[in-house]
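To start, the structure itself, in structure tokens.
The values are calculated or read from the model by the stated rules, or taken from the named source; none is laboratory data. Here the structure is a predicted model, which is why all the values come from computation and not from measurement. Here the Cβ positions follow ideal geometry from the backbone for every residue, glycine too, while neighbour counts run over all protein chains shown. The protein model used for the area step is the full one, side chains on, heavy atoms only, and it has no ligands, DNA or RNA in it. Shrake-Rupley method; radii C 1.70, N 1.55, O 1.52, S 1.80 Å.
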Amino acid sequence: MSPGADLENYWMPFTANRAFKESPRLITSAAGIHLFEPSGRPILDGSSGLFCVPAGHCRPEIATAVSEQLQKLDYTTPFQFSHPGGFELSRKIASLTPAGLDRIFFANSGSESVETALKMALAYHRAKGEPSRQRIVSRELAYHGVNFGGLSVGGMVKNRQGYGTLLPGVVHMRHTQTVQRSFTQGQAEEGADLADDLLRAVQLYGAESIAAVIVEPIVGSVGILVPPQGYLQRLREIADQHGILLIFDEVITGFGRTGCPFAADAFDVRPDVMTMAKALTNGSMPMGAVAASTSIYDTITSAAPEGTIEFFHGYTYSGHPVVAAAALATLNIFEKDGLYDRAAALVAPFQDAVAELASLPLVTDIRAYGLLAGIDLAIDGQFGRRGFAALKALFEAGLMVRVTNDTIILAPPFVAEASDVAQMVDIVRSVVSRL
């Protein structure tokens with residue numbers, strides 16, 4: 001496909017459309033940890049798609065499951081009707097989530113999962129007889145999707161600009177990254193006191209006005225911000241003291257990215273509500289989900305008269321039978337191939353390799369946890385200029401990565417070998433050295 005009219009109709013998301021259409025980066029096939037250009041040239045997938053293909057591309061088990069389901073039941077309305085696959089998938093997910101988070105609600109993306117979680121929090125407090133709890137506390141530099149609820153609780157400035165005042169009643173805590181903690185491997189020893197921003201919100205607005213606090217255990221899209229030691233535990237403590245729900249947005253960290261099924265396991269903090277998406281179907285089909293505690297489900301459902309709808313929320317494609325089949329096949333692959341263990345085993349060689357990039361003059365910070373790493377590059381006049389140059393040069397060198405502003409994000413597939421990770425990092429080193 002040549003540039004020009006053939007490319008004009010597609011308005012691409014989160015893309016410099018004019019620059020792309022002048023020099024397209026097109027992918028036509030994929031297998032394992034590689035993507036392929038129309039010419040057949042292989043590209044290493046250094047970001048697992050968009051954090052969502054940890055089991056490798058084009059798994060035949062998923063394709064078979066989807067094909068068989070399409071021939072048996074392509075769709076049924078999820079409102080007042082269902083299909084066996086939705087219940088089977090719910091049981092499977094509940095077997096992986098932290099104890100007590102075993103009520104699963106399906107959406108179609110991470111953005112919709114966040115919207116669902118926020119509505120659950122508001123509905124829960126109303127059902128408890130506390131309708132005044134309508135504020136949501138979130139964090140600066142957070143990413144919680146692009147719908148209006150997610151934008152409102154998100155903290156990435158460019159995402160919010162141009163969309164008005166968004167939802168009222170949102171309070172933002174400070175983020176956890178500081179210059180003093182640059183080049184810290186894993187969790188910083190200091191910084192847990194930043195969680196006291198939630199306490200400040202309680203003191204300013206009153207606990208009786210706050211429904212929930214939502215955070216990413218590890219901030220992903222802004223460039224991998226790892227929580228300081230004790231930070232998430234302190235949030236849990238304050239939330240418990242004041243009757244506030246704690247929501248973990250695990251759209252990126254869910255299903256093994258930290259070396260555990262969920263970041264809640266890795267940090268040993270149990271939220272009340274947890275969002276997920278991306279790796280749930282290995283990126284093969286759109287699906288999101290929310291895991292809520294039994295007490296939240298019971299409170300909301302018992303407050304409604306028998307035989308009536310308890311939670312007025314849902315989507316046309318919630319728990320879609322074909323997508324559920326893809327998700328079940330994905331979770332079976334995780335189990336059969338031992339991908340949680342493989343991810344955990346890959347963490348040390350990955351982090352060791354990434355840490356060596358600190359010697360490059362353009363690298364101003366590196367943050368890593370599990371199979372996530374953010375590599376900050378020195379700003380070249382304006383934010384994002386050097387990062388965009390790095391994105392294009394890395395692709396030309398045979399590596400696809402996620403870049404946000406001037407940060408290169410690496411998130412290798414769990415099926416990668418240590419030698420593959422070394423090759424990814426070598427390409428980053430070579431390209432950044434020439435920028």
- [ ] Give the carbon-plus-sulfur fraction of the accessible surface of the range 1-118 in %, rounded to a whole number; probe 1.4 Å, heavy atoms of protein chains only.
- [x] 58 percent
Task: Highest-fluctuation residue, Ala266, Ala19, Ala55 considered, GNM on the chain with Cα pairs under 10 Å - done: Ala19
Task: the range 360-374 versus the range 192-263: alpha-carbon centroid distance in Å - done: 22 Å
Open item on the list: Given Cβ point charges of +1 (Lys, Arg) and -1 (Asp, Glu) and nothing else, what value in debye, to the nearest 20, does the dipole of the range 294-406 about its Cα centre take?
Closed with: 380 debye
Open item on the list: Cut-off 10 angstrom, C-alpha nodes, Gaussian network model of the chain. Which of Pro261, Pro321, Pro305 fluctuates the most?
Closed with: Pro305
Open item on the list: Taking a ≥ b ≥ c as the square roots of the Cα gyration tensor eigenvalues, with a/c under 1.5 meaning rounded and otherwise prolate when a/b beats b/c, else oblate, which class fits the range 19-150?
Closed with: oblate
Open item on the list: Please compute, for the alpha-carbon atoms of the range 50-100, the extent along each of the three principal axes and give them in descending order in Å.
Closed with: 35, 35, 18
Open item on the list: Largest first, please: the extent of the C-alpha atoms of the range 1-65 along each principal axis, to the nearest Å.
Closed with: 37, 25, 24
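About its Cα centre, what dipole magnitude does the range 203-342 give when the only charges are +1 on Lys and Arg Cβ and -1 on Asp and Glu Cβ, stated in debye to the nearest 20?
For this selection, approximately 420 debye.
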- [ ] Write down the radius of gyration of the range 134-277 and its Dmax, each obtained from C-alpha positions, in Å.
- [x] 14.4, 40
- [ ] Taking the Cα centre of the range 147-226 as origin, sum charge times position over the Cβ atoms of Lys and Arg (+1) and Asp and Glu (-1), and report the length of that vector in debye to the nearest 20.
- [x] 380 debye
Task: Ser359 accessible area, assembled protein chains, probe 1.4 Å, Å² - done: 100 Å²
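Would you mind working out the accessible area per residue for the range 352-431, using a 1.4 Å probe, and quoting it in Å²? Working shown, then result.
Working: 2900 Å² over 80 residues.
Here the per-residue accessible area is 36 Å².
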TODO: With a/c under 1.5 counting as rounded, go ahead and sort the range 249-346 into rounded, prolate or oblate using the C-alpha gyration tensor (a ≥ b ≥ c being the square roots of the eigenvalues; past the cut-off, prolate if a/b is larger than b/c, else oblate).
DONE: oblate
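How much of the accessible area of the range 293-428, in percent, comes from carbon and sulfur atoms when a 1.4 Å probe is used? Don't skip to the answer; put the middle values down first.
Working: 2890 of 5520 Å².
Using a 1.4 Å probe with all protein chains present, the range 293-428 comes out at 52 percent carbon and sulfur.
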Task: Solvent exposure ordering (accessible area, 1.4 Å, most first) of Arg126, Arg234, Arg103 - done: Arg126, Arg103, Arg234
Open item on the list: As a test question: what accessible area, to the nearest 10 Å², does Glu8 have when a 1.4 Å probe is rolled over all protein chains in place?
Closed with: 110 Å²
Open item on the list: Report D for the range 140-192 in µm² per second (integer): Stokes-Einstein, Kirkwood Rh on Cα pairs, 10 °C, 1.306 mPa s.
Closed with: 125 µm²/s
TODO: For the range 315-347 and the range 402-422, write down the distance between their C-alpha centroids in whole Å.
DONE: 20 Å
TODO: Would you tell me the accessible area of Leu204, worked out with a 1.4 angstrom probe on the heavy atoms of the protein chains, in Å² to the nearest 10?
DONE: 120 Å²
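With the Cα gyration tensor of the range 156-235 giving a ≥ b ≥ c as the square roots of its eigenvalues, does the rule (a/c under 1.5 for rounded; else a/b larger than b/c for prolate; else oblate) give rounded, prolate or oblate?
On the way: a/c = 2.48, a/b = 1.27, b/c = 1.95.
Oblate, since a/c reaches 1.5 and b/c is not below a/b.
Can you give the % of DSSP beta bridges in the chain that are antiparallel, to the nearest 5? Don't skip to the answer; put the middle values down first.
On the way: 31 of 48 bridges.
So the antiparallel bridges in the chain amount to around 65 percent.
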Open item on the list: Which aspartates and glutamates, if any, have their Cα less than 13 Å from the Cα of Lys158, not counting same-chain residues under 8 positions apart?
Closed with: Glu140
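Which whole-number value in Å² is the accessible area per residue of the range 199-305, probe 1.4 Å? Provide the component values of the computation, followed by the final result.
Numbers: 3000 Å² over 107 residues.
Per-residue accessible area for the range 199-305 comes out at 28 Å².
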Task: the chain: most fluctuating residue of Gly40, Gly384, Gly164 per GNM, C-alpha cutoff 10 Å - done: Gly164
